Structures are given as structure tokens and as C-alpha cells.
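Report on the following structure.
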Amino acid sequence: MNLLLLHESDFISDDTAQLEGRRADHLIKVLKVQVGSSLTSGRLNGLIGRSVVQSIESGCVTVQCSSEFSDAPPAPSHTQLLLALPRPNMLRRILHHATELGVKDIHLFQSKKVEKSFWQSPMLSDEKIHEALCLGLEQSIDTRLPTVTYHKQLAHFLARLPEIKGERIGYVAHPYNASPCPHNLNQPNSLVIGPEGGFTHDEVTVFNENGFTSIGLGQRILRVENAVSTALSRIAYWP
């Protein structure tokens, strides 16, 4: 935890927040904070500043914002991520990594090789998704929460592709007949990553017809979570 991310529900007064659960446990057991410890803190979807630990009692940590938060979070990524719903045990890590890399617009969609049972996983609960995103924000000292949109019907998702992509440059990660992955792209773009079994030929054709260029990441075929992190890192523009 490089940032103590404060939610509006944490505040018991204008400048005092009280934490319990995961964040309090991390502060006490991992960071080993004491009364008087100063922490880099930020309000969810707001600015960043400092807070000071006021008390630690029965697993509850109370902090006071020492001054008005005034620092802006890092600039968001230019990349919109369109991700075929991965296996639930991967989803948490992927959302965490994508958030660390600054992605603010994530779409999870059904594809022909995604098991429909994945949509029933507890990992897709609002609480679990929110926690995974917040972990990414805490790691990367960011406060802007990404939006996650679900598309459970493939046909409906494909019909909405032009609207979702908008004016962005489009790329679909597909290792066959592909162009090299672009580097350091300083303009809005939309990146599509498929499931473990890859996209079907028909799916790739639809993406291509909607302005998504097929790109590859080299000779190796990567697992979805590695492909997401690798592609985002290559495409990302770091000012």
C-alpha cells in the first residue's frame, strides 16, 4: 500500500477518517504505523495529500488529514481495455494490474471461448471488483476509480463496438497475420484482449471490420494476464 485511499464513508468529520478491516490491518501489521505516523493519502476520485495517525484501538485506525489535499493523481492511460471475461481466478489480478497501469475504462465481454458459467463467479460481485480496483490505486498512488462495464451477450457487444470504440485507434491482440504492437502511443486507443483459447476467425474478422488492427506481442503465446500487462505496458504513454 503506497497510498491510503480514503472513501467518503470513512470520514467521521470533515478532516478525520476511521478505518477498519483490510486497510487498517495493513497499516497495523504490514506498515506498522504508530500514533503520529504520516501517510500519503488520497480521497477516492479526488486529490492526494498527507494524513497523520491519531489513534490505534482494537484494530481500528483513526487518521486526520493534516492539510487540504492538493496534489492531482497521475494522468490516466490513453488506453481503453476490452477484455474477454477471463477465468475468475485471473480476473482479480488483471483488474489490479490494469488499474496500476492507469486504465480507467474497462469492458468485460462474452466471447465464443468464454465459459458462460464464469459470469456467475463471486469474483464479479460489486464488492470484489471494487476491492481489486482499489488495490491497484493504492499500489500506483492513484485515486481515480476505473469504470467496469459488462457485456454478457456477444452479439450485443459486437453490435455496440463502434459506439464503445468511438474515435479511438483500435487494436486487437491476435498473434496471426498481425502487425507489431505499437509503443508509447500518445493518443486515445482501444485494446482488445481475448480469452485463453483465443478468438475465433469470425470474431477477429468482426473486430478488423470495425477498425481494430490485429497486433502481436512476439513469437510467444502468453497467458491472458501476462498478455494484458505486456500489451498495456508497450502501448502506454509515460509522460
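LEU217 contributes an accessible area of around 40 Å² to the protein surface, as traced by a 1.4 Å probe with all chains present. Every helix of 4 or more DSSP H residues in the chain counts as -39500 (n - 2.57), and over all residues that averages to -7500 deg cm²/dmol at 222 nm. Amide H to amide H distances under 5 Å link THR143 with no residue, where only residues 5 or more positions off or on other chains count and H is placed in the peptide plane. For the chain, the solvent-accessible area of protein heavy atoms averages 50 Å² per residue (probe radius 1.4 Å; ligands and nucleic acids excluded). Between GLU167 and ARG50, the FRET efficiency estimated from the beta carbon spacing at R0 = 45 angstrom works out to 0.70. Once all protein chains are placed together, TRP119 keeps about 20 Å² accessible to a 1.4 angstrom probe. Give me the percent of DSSP beta bridges within the chain that run antiparallel, rounded to the nearest 5. Just about 40 percent of them are antiparallel.
Rounded, prolate or oblate, given the Cα gyration tensor of the chain, with a/c below 1.5 counting as rounded? Judged from the Cα gyration tensor, the chain comes out prolate (a/c at least 1.5, a/b above b/c). Each residue, GLU8 and ASP202, gets one label point 7 Å from its Cα in the Cβ direction; the gap between the two is 4.5 nm. Here the chain is assigned +1 on the Cβ of each Lys and Arg and -1 on the Cβ of each Asp and Glu. Its dipole about the Cα centre then comes out at about 800 debye.
For the pair SER179 and LEU222, label points projected 7 Å from Cα toward Cβ lie 1.9 nm apart. In this structure, LYS29 and GLU115 have a Cβ-Cβ separation that, at R0 = 35 Å, corresponds to a calculated FRET efficiency of about 0.40. Dipole of region 1-160 computed with +1 at Lys/Arg Cβ and -1 at Asp/Glu Cβ about the Cα centre; of SER111, THR143, SER67, farthest Cα towards the positive end is SER111.
The mean sequence distance of close C-alpha pairs (under 8 Å, at least 6 residues apart), as a share of the length of the chain, puts its relative contact order at 20 percent. Using equal-weight Cα scatterers in the Debye expression, the normalised intensity of region 1-105 in log10 at q = 0.14, 0.19 Å⁻¹ is -0.64, -0.98. Each Lys and Arg adds +1 at its Cβ and each Asp and Glu adds -1 at its Cβ; summed about the Cα centre, region 158-239 shows a dipole of about 260 debye.
A DSSP coil position with no more than 12 other Cβ atoms inside 10 Å describes the following GluC sites (Glu not before Pro) in region 1-67: GLU20. Note on the chain: with a GNM built from Cα contacts shorter than 10 Å, the maximum mean-square fluctuation among LEU108, LEU145, LEU31 falls on LEU31.
Within the accessible surface of region 44-142, defined with a 1.4 Å probe on protein heavy atoms only, the carbon and sulfur portion equals 49 percent.
Inter-part distance, region 162-209 to region 10-79, computed on C-alpha centroids, equals 39 Å.
The values are calculated or read from the model by the stated rules, or taken from the named source; none is laboratory data. In this text the structure is predicted, and so the values were computed from the model without any measurement. Cβ atoms come from the backbone with ideal geometry, glycine included; neighbour counts cover every protein chain shown. Calculation scope for accessible area: heavy atoms of the full protein, side chains included, ligands and nucleic acids excluded. Shrake-Rupley method; radii C 1.70, N 1.55, O 1.52, S 1.80 Å.
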